[in-house]
Amino acid sequence: MSQAQPLTWSEIDTVLLDMDGTLLDLHYDSHFWLQHLPVRYAQIHQLDIDFSRQFLDRQLRLNRGTINWYCVDYWSAKLNVDIAALRAEVVSKVAFRPFAQEFLQALQSSAKKVVLVTNDHRSGLQMKLSRLGFGKYLDAIVVSHDFSLAKEQPGFWQRMQAIEPFDPSRALFIDDTVAVLAEAEQYGIAQLRYIAQPDSKINREPNQRFTAVECFSQYAKQLQCGQ
Ligand SMILES: [Mg+2]
């Protein structure tokens with residue numbers, strides 16, 4: 001496991017933040033794709049629930065790591081359902097991860113540029129922003145869908161740099177997906193941090209490659225103390 005060096009905030013100008021599983025509890029997305037959608041898909045097309053689960057599980061696996069996996073339009077067409085409307089049915093589950101809002105508030109009071117970098121589709125992004133109102137803490141939002149590339153795919157960071165320039169040697173990027181962090185490391189982003197437990201309802205095996213964020217409250221305190 002990489003050694004947990006404390007972050008030196010004075011060496012960071014830009015903070016790049018993932019949304020699902022980093023700022024927000026991944027439970028909303030896990031619940032939607034693994035529980036809610038199989039049930040609603042079976043209801044809408046009058047299918048057996050076990051068939052629905054197996055079919056969706058296979059389709060999700062086939063598209064994992066590609067932009068289709070995150071694309072509401074792709075799934076709406078593929079499954080012949082209105083994914084955005086179905087996602088809205090469980091919007092009450094959209095929630096911050098512990099102390100994420102406090103961290104965002106502390107970042108806003110600092111001079112750092114804060115950029116949300118998400119693989120979510122714009123319809124999901126808008127729903128989450130309206131529900132929790134965290135857009136006011138962000139200086140910019142980058143949606144990978146606009147480049148037709150997921151964050152874990154080569155070329156993503158070059159495309160992002162062209163529309164939202166930043167100095168990788170003075171940037172921190174926090175994400176809950178190892179493949180996404182690996183691509184950011186390859187690009188040369190200096191500070192990388194991993195969210196070990198993105199879903200409040202599922203315990204994940206520890207990751208050996210990237211340093212985990214212990215708690216956002218710690219980062220908020222360090223920023224408030226000017227460390
Ligand atoms: Mg994520």
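FYI, it's all coordinate maths here, none of it is from the lab. The structure presented is a predicted model; accordingly, all values stated were derived computationally and were not measured. All Cβ positions, even for glycine, are placed from backbone atoms using ideal geometry, and neighbour counts span all protein chains on display.
In table form, for the structure just shown:
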| item | result |
| --- | --- |
| Gain on full stretching of the segment that runs from residue 77 to residue 62 - 0.36 nm per residue minus C-alpha separation | 3.8 nm |
| Cα long-axis angle, helix 178-187 against the chain (0 to 90 degrees, to the nearest 10) | 50 |
| MRE, 222 nm, helices only [DSSP H, n ≥ 4, -39500 (n - 2.57), over the chain, to nearest 500] | -11500 deg cm²/dmol |
| Unit charges on C-beta of K, R, D, E only; dipole of the chain, Debye | 240 |
| Residue (of 150, 217, 8) at the positive-pole extreme of the chain, dipole from beta-carbon charges | 217 |
| For segment 113-129 and segment 159-215, distance of Cα centres in Å | 16 |
| Residue pairs, from the table 93/113; 113/221; 78/128; 112/201, whose Cα atoms sit over 27 Å apart | 93/113; 112/201 |
| Estimated FRET transfer efficiency when R0 is 25 angstrom, pair residue 108-residue 8 (beta carbons, to 0.05) | 0.80 |
| Label-point separation, residue 222 to residue 140 (7 Å along Cα→Cβ), nm | 2.4 |
| DSSP-loop trypsin sites (Lys or Arg not before Pro) across segment 48-129, with at most 13 other Cβ within 10 angstrom | 64 |
| Radius of gyration and Dmax over the Cα atoms of segment 28-92, both given in Å | 11.0, 30 |
| Cα gyration tensor category, rounded, prolate or oblate, for segment 103-201 with a/c compared to 1.5 | rounded |
| Cα→Cβ-extended label distance, 7 Å offset, between residue 88 and residue 182, nm | 3.8 |
| Diffusion coefficient, µm² s⁻¹, Stokes-Einstein with Kirkwood Rh over alpha-carbon pairs of the chain at 20 °C and 1.002 mPa s | 117 |
